[in-house]
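Encoded as structure tokens, the structure appears first; notes follow it.
The values are calculated or read from the model by the stated rules, or taken from the named source; none is laboratory data. The model shown is predicted, which means the values in this text are computed figures rather than measured ones. Cβ coordinates were reconstructed from backbone atoms using ideal geometry, including for glycine residues, and neighbour counts include every protein chain displayed. Note: accessible area is taken over every heavy atom of the protein model, side chains too, but ligands, DNA and RNA are not part of it. Shrake-Rupley method; radii C 1.70, N 1.55, O 1.52, S 1.80 Å.
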Amino acid sequence: MKKLKLTLKIFLGLFIIACFLFLGFRGYLFSDDVQLTKSITQQLQSKKVMIVFAHPDDESYTTELLLDAEKEGIETALLTFTPGDAGTQTPQVCQQQFLGDVRKAEVYKSGYALGVDYQKVFDYGDGTLKNQSFSQLVDDIQKELEEFKPNLVVTFWPESGMTMHPDHMTVGKATKQAFANYNRYKNAKLAYTIMPSKVVSMLGGDEMLKLQPEANISIKANAAAKIRLWNINASQQNFVKDYTGIPAWLLYRLINREYYFVEDLSKMNS
């Protein structure tokens, strides 16, 4: 009985220490002056939202924004420019030659889970976007913008692409140009998904830190929803751990926000 009581006391002590460390580290990560809002879509008075990304699973960066939009009855669209056919399977779920088909199915299922109303996956090769005709990419995006008519568009920051991936940066650059063409008389907003500065520093991404702007708005993100998304993207389920060294269940409880840099380009080309 004494041994059991001692074991319980030790366990309780370790648990309390772990909680203090967890809360302290999370407090450090969020000790910034980035505005925390209940809903970005509400604050920006969004009526229709279009997300433009490069690969299946990129939608994980905007999980909470899309879920908020669904709750608020806001129509959403998700464009994915490659089927992710050149990605590394983590874990392996199929023969590599079929990976594009599998990941395309994953992103459609993911979009459904996030309440996305309209989805399109383009057939540009994974890893090839920087070698594609830039004007064609811009035209593809502008056509979708003109048809869907969003007043909030979300993409990657062109200079850093969230992870320094060339496909991310190219999509961000093309979206910014297409948005400028589209937005001449639309009074829309353009937002970029941004990794917070302290997280970038923690991951050692000093080069990326120099290239991206400071986020100017954030929202709380539901860890369970993000983990569910990675379960849907089964071929990339271990990506978060492989990239950060931290399991997804822990990372999304440590970093329970989504950060954005909102750029108001309503006066562009006026």
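General observations
- Dipole check for region 69-215: with +1 at the C-beta of Lys and Arg, -1 at the C-beta of Asp and Glu, and the Cα centre as origin, the magnitude is about 320 Debye.
- Whole-number accessible area per residue in Å² for region 130-264, which is evaluated in the context of all protein chains at 1.4 Å: 43 Å²
- Of V153, V262, the order by accessible heavy-atom surface (1.4 Å probe, DNA, RNA and ligands excluded), from most exposed downward, is V262, V153.
- Cα centroid of region 65-133 to Cα centroid of region 175-239, whole Å: 15 Å
- Cα gyration tensor, region 86-141 - rounded (a/c under 1.5), prolate or oblate: oblate
- Leading residue at positive end of dipole, the chain (Cβ point charges), from S39, I255, S197: I255
- Taking the accessible area of region 114-263, probe 1.4 Å, and keeping the other protein chains in place, the carbon and sulfur fraction comes to 49%.
- Given 16 as the ceiling on other Cβ atoms within 10 Å, longest exposed-site-free region of the chain for trypsin sites (Lys or Arg not before Pro) in DSSP loops: 48-185
- Checking the cross-link pairs K47/K198; K109/K149; K71/K198; K47/K130; K47/K109; K48/K109 against a 26 Å limit on the alpha carbon distance flags K47/K198; K71/K198; K47/K130 as lying beyond it.
- Sparse-neighbourhood loop sites, GluC sites (Glu not before Pro) in region 65-105 - DSSP loop, at most 13 other Cβ within 10 angstrom: E72
- Computing Cα extents along the principal axes in Å directly from the structure and comparing it against (1) 75, 46, 38; (2) 82, 62, 43; (3) 78, 48, 33 singles out (1).
- Measuring only protein heavy atoms, the 1.4 Å probe finds M169 accessible over about 50 Å².
- The dipole here belongs to region 136-226: it is taken about the Cα centre, uses +1 on the Cβ of Lys and Arg and -1 on the Cβ of Asp and Glu, and is about 380 debye.
- CD proxy at 222 nm, helix term only [per DSSP H run n ≥ 4: -39500 (n - 2.57); per residue of the chain; nearest 500]: -14000 deg cm²/dmol
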